[in-house]
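I have placed the structure first, in the form of structure tokens, so that the comments after it can refer back to it.
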Amino acid sequence: MPTYIHLNHQKIAAGENRLINIHIARLPTHTPIDLPVQVIRGKEDGAVLLLMAGLHGDEINGIETIRRMIFDQTIQLKRGTVIAIPIVNIYGFLQASRDLPDGKDLNRCFPGSANGSLANRIAWFIMQEIIPQIDVGIDFHTGAVNRTNVPQVRCKTGNMTNRELATAFSAPFVLNAEFRDKSIRKEAFRKGKNIIVFEGGEAQRLDERSINEGIMGTYRMMHHMQMIDDNIPNEPSIWLKSSTWIRAKISGVCRLCIAPGQFISKGQLLAIITDPYGREEFPVIARKEGYAIGLNYQSVINAGDALLHIGIPE
Ligand SMILES: [Zn+2]
């Protein structure tokens, strides 16, 4: 554990709990935009864990997950340090948008640049000031609006450290996810830091199950890293080697016949698509077996729309 965490020209010593507001930009009105970062340090030596949410500004479950851990339940850190950034994309949060005002996806802008677009500048700050100080991280995400993700960890399951962290987190599902170019997960990995992604629920809507799974999984991971003493045992995760989307072959009104997380057999009825006047019905049948890890709750659909995200077990 470093003697001090350095942030915004401040030094945070062991045993301290401090909120640091980092000035990152201004709105066009000249209102300053700060990025609040909470640093919680145990008295004893240990790992440094980054908790970050709201990289996509409308994905609010992770924001609430971190808020509850820090303010409602107050993490009882025995060893090490938690660096928490509850809302990375403040602009997106204000506008209920995934992206920055210029349409940029912040998670496709890493490692960023000091003088680039707003997204590049935020990415640059995180890569320069935060990532070098951490050991591991959890990046909290959700599905899009009307598209829910069953609570799941996404990481490179072939990587030993990723696998170990996901095993400790013990979410209902773990999905193998290759690195995406210019994502924080990939760029942090290039610097030797392992960040796993937790996905749960949908955008713009709080989901209690996802929030609870996020909190419990984080505590289990912290226990694994000897940061806290108490453990919360859980069922082992279901590991998924890959995933595929079932898409609508025809436009219409869709009724899903599958519950979140449900196991799906080959030949099973997944959904029924009807025309709004009730003259025609088209069943959607499973061609593969797997688990329903993501569902589109939008009922009025067009041909080609994604209906169900199916995880294929290892
Ligand atoms: Zn996201």
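The values are calculated or read from the model by the stated rules, or taken from the named source; none is laboratory data. Because the structure is predicted, anything quoted here is derived from the model rather than measured. Methodologically, a virtual Cβ is constructed for each residue, glycine included, from the backbone with ideal geometry; neighbour enumeration extends over all protein chains shown.
Does Thr157 count as at negative phi, within 14 Å of the ligand (Cβ to nearest atom) and not in a helix (DSSP H, G or I)?
no
Here are Arg220, Arg163, Arg209: which of them is without any contact (Cβ under 8 Å) to a residue 24 or more places away in the chain, of a type outside the set (Gly, Ala, Ser), more than 16 Å from the ligand (Cβ to nearest atom) and not in a strand (DSSP E or B)? Working first, answer last.
On the way: Arg220 fails: without any contact (Cβ under 8 Å) to a residue 24 or more places away in the chain; Arg209 fails: without any contact (Cβ under 8 Å) to a residue 24 or more places away in the chain.
Step by step, each of Arg220, Arg163, Arg209 is checked, and only Arg163 is without any contact (Cβ under 8 Å) to a residue 24 or more places away in the chain, of a type outside the set (Gly, Ala, Ser), more than 16 Å from the ligand (Cβ to nearest atom) and not in a strand (DSSP E or B).
Is it fair to say Ile134 is assigned by TED's automatic domain parsing to the domain that holds Asn120, buried (at least 23 other Cβ atoms within 10 Å of the Cβ) and touching a Leu at 6+ places or on another chain (Cβ under 7 Å)?
no
Kindly indicate whether any position in the stretch 228-243 is more than 16 Å from the ligand (Cβ to nearest atom), in contact with a strand residue (DSSP E or B) (Cβ under 8 Å, 6 or more places away or on another chain), in contact (Cβ under 8 Å) with a residue 12 or more places away in the chain and at positive phi.
Among the residues of the stretch 228-243, not one is more than 16 Å from the ligand (Cβ to nearest atom), in contact with a strand residue (DSSP E or B) (Cβ under 8 Å, 6 or more places away or on another chain), in contact (Cβ under 8 Å) with a residue 12 or more places away in the chain and at positive phi, which makes the answer no.
Of Phe179, Phe198, which residue is of a type in the set (Phe, Trp, Tyr) and free of Cβ contacts under 8 Å to residues at least 24 places away in the same chain?
Just one listed residue meets the conditions, Phe179.
For Ala306, are the conditions met, namely being within 25 Å of the chain's Cα centre (by Cα) and among the aliphatic types (A, V, I, L, M)? Write out each step before concluding.
On the way: within 25 Å of the chain's Cα centre (by Cα): yes; among the aliphatic types (A, V, I, L, M): yes.
The answer is yes for Ala306.
Of all residues being more than 12 Å from the chain's Cα centre (by Cα) and without any contact (Cβ under 8 Å) to a residue 60 or more places away in the chain in the stretch 57-84, which is farthest from Gln38 (Cα to Cα)? Just the residue, please.
Restricting to residues being more than 12 Å from the chain's Cα centre (by Cα) and without any contact (Cβ under 8 Å) to a residue 60 or more places away in the chain, the top hit is Asp72.
Of all residues being under 12 Å from the mean Cα position of the chain (by Cα) and either more than 13 Å from the ligand (Cβ to nearest atom) or among the polar types (S, T, N, Q) (or both) in the stretch 139-149, which is surrounded by the fewest Cβ atoms within 10 Å (Cβ to Cβ)? Just the residue, please.
Within the stretch 139-149, the match that is surrounded by the fewest Cβ atoms within 10 Å (Cβ to Cβ) is Asn149.
Please determine whether any residue of the stretch 29-43 is among the basic types (Lys, Arg), in the same structural domain as Thr81 (by TED's automatic domain parsing) and touching a residue at least 40 places away in the same chain (Cβ under 8 Å).
Within the stretch 29-43 (the criterion being among the basic types (Lys, Arg), in the same structural domain as Thr81 (by TED's automatic domain parsing) and touching a residue at least 40 places away in the same chain (Cβ under 8 Å)), the answer is yes, since at least one residue qualifies.
State all residues of the stretch 73-103 that are surrounded by fewer than 18 Cβ atoms within 10 Å (Cβ to Cβ) and either farther than 22 Å from Ala203 by Cα or within 16 Å of the ligand (Cβ to nearest atom) (or both); if no residue qualifies, say none.
Here is the first cut: in the stretch 73-103, the residues surrounded by fewer than 18 Cβ atoms within 10 Å (Cβ to Cβ) are 73-74, 76, 78, 94-97, 101-103.
Scanning the stretch 73-103 gives Gln73, Thr74, Gln76, Lys78, Gln95, Ala96, Ser97, Gly103.
Can you pull out the residues in the stretch 139-160 that are under 17 Å from Ser237 (Cα atoms) and touching a residue at least 40 places away in the same chain (Cβ under 8 Å)?
Asn149, Val150, Pro151, Gln152, Val153, Arg154, Cys155, Thr157, listed by residue number.
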